[in-house]
């Protein structure tokens with residue numbers, strides 16, 4: 001498999017995951033934006049967003065089920081259903097190409113924090129290899145919507161910007 005074909009395969013998988021878990025953010029009704037004003041809450045939301053994005057876009061062809069299970073634990077049920085809807089397709093492609101990915105959130109910031117709703121802008125770099133052969137890293141800008149449920153921030157929506 002040529003490096004270009006392999007890179008296109010990884011990009012297709014990333015785009016497939018993103019399109020599957022794309023969800024409208026909804027307004028939530030609260031209008032007070034406490035991002036940056038409430039520094040502990042802002043830091044908590046930033047950490048939760050970075051964790052879920054890293055987890056959702058990091059996987060190995062040998063541990064796909066465990067990787068997917070770890071990601072859905074950080075999502076609302078609706079988001080987890082959307083994310084899981086593409087599991088078989090990703091498994092097929094990743095297993096065939098022996099793909100391993102590693103996502104790094106290189107920068108993120110809370111744009112909105114209002115009660116139990118938050119919106120975070122994040123820049124994510126995804127490194128991948130197919131069968132041990134490194135592919136070119138890909139960078140993405142995401143808007144992540146999070147909801148706090150029982151004290152835990154969960155991913156409720158994700159769009160590529």
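FYI, it's all coordinate maths here, none of it is from the lab. If you're wondering where the values come from, they're calculated on a predicted model, not measured in any experiment. Neighbour counts run over all protein chains shown; Cβ positions are idealised from the backbone, glycine included.
At-a-glance table
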quantity: Footprinting exposure proxy for 69, 129 (fewest neighbouring C-beta atoms within 10 Å first); calculated: 69, 129
quantity: Neighbour-count order for 78, 44, fewest beta carbons within 10 angstrom listed first; calculated: 78, 44
quantity: For 63, 58, 99, order by how many other beta-carbon atoms lie within 10 Å, fewest first; calculated: 63, 58, 99
